[in-house]
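Below: one structure, written as structure tokens.
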Amino acid sequence: AARRALEAAAHQIRAVQHVTDTALTHLRLDDLLPELLGRVRDAMAADTVVILLLNDERTELAVRAAHGLEEEVKLDMRIPFGRGIAGRIAARSATMVIDDVSTVEIVSPILRAKGLRTLLGTPLVLDGRGIGVVHVGSLSPRRFTPDDIRLLELVADRIATAIGRARLFGAEQRARRDAETAEGRFRLLVDGVRDYAFYMLDRAGRIESWNAGAERLAGYTAEENVGQHMACCC
């Protein structure tokens, strides 16, 4: 019994580490979620794995990635907060074990169509706030053990952290693109003005930009002035 307990603990450690490795190496959410599905499926020996994320208004969960229930992603399945299995898990912020799926309310008809028998789900929580749900299921009768529950909860913690990192990275990338776009538009506007001289200096007083108006009025081209100290050009 002691040996079996140690082996089970070692399996959990390896499984969590397997998921953690993925969480640390993927930054884009669209790349991260499919990889996490495979890792969770292997760790839990499950037939289905689904990750759902709450919208900003916290009114519904969207199926963002699925193994074994891919149709839910294709159909952009949405689960109302507090409804169905995932909605209740999110509302209660607690793990749920469904021994017989046929006996509970289901929003997604695909769960029944696939013949899902048992399901284990837990909330994804980041910084004390629910952001979604991950659940695993079996097409044959299965009794999820306390070790299964503990393992999924540990895995869910890593998934939530990884999603948070991916979202932060995505926001930074969008902000950088927006800044580059705004700067590009500003430069196009300024560079096209010929009646006024516009130029930018760095903190040391060196010229960083020199528009067409400055060329016409001062008589120097951008190639001649950019990088030079302003004192040399006035």
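Please treat every number below as a calculation from the coordinates, not as lab data. It should be emphasised that the depicted structure is a prediction, and the values quoted were computed from it without experimental measurement. Please note: Cβ atoms are built from the backbone with ideal geometry, for glycine as well, and neighbour counts cover all protein chains shown.
Please say if the stretch 99-152 is rounded, prolate or oblate, where rounded means a/c under 1.5 for a ≥ b ≥ c the square roots of the C-alpha gyration tensor eigenvalues, and otherwise the choice is prolate for a/b larger than b/c and oblate otherwise?
Verdict is oblate for the stretch 99-152.
Taking square-rooted eigenvalues a ≥ b ≥ c of the alpha carbon gyration tensor, is the stretch 25-155 rounded, prolate or oblate, where a/c under 1.5 means rounded and, failing that, a/b exceeding b/c means prolate?
Judged from the Cα gyration tensor, the stretch 25-155 comes out rounded (a/c under 1.5).
Loop-only check: which trypsin sites (Lys or Arg not before Pro) in the stretch 78-162 are DSSP coil with at most 10 other Cβ within 10 angstrom?
Passing both the DSSP loop test and the Cβ count: Arg143.
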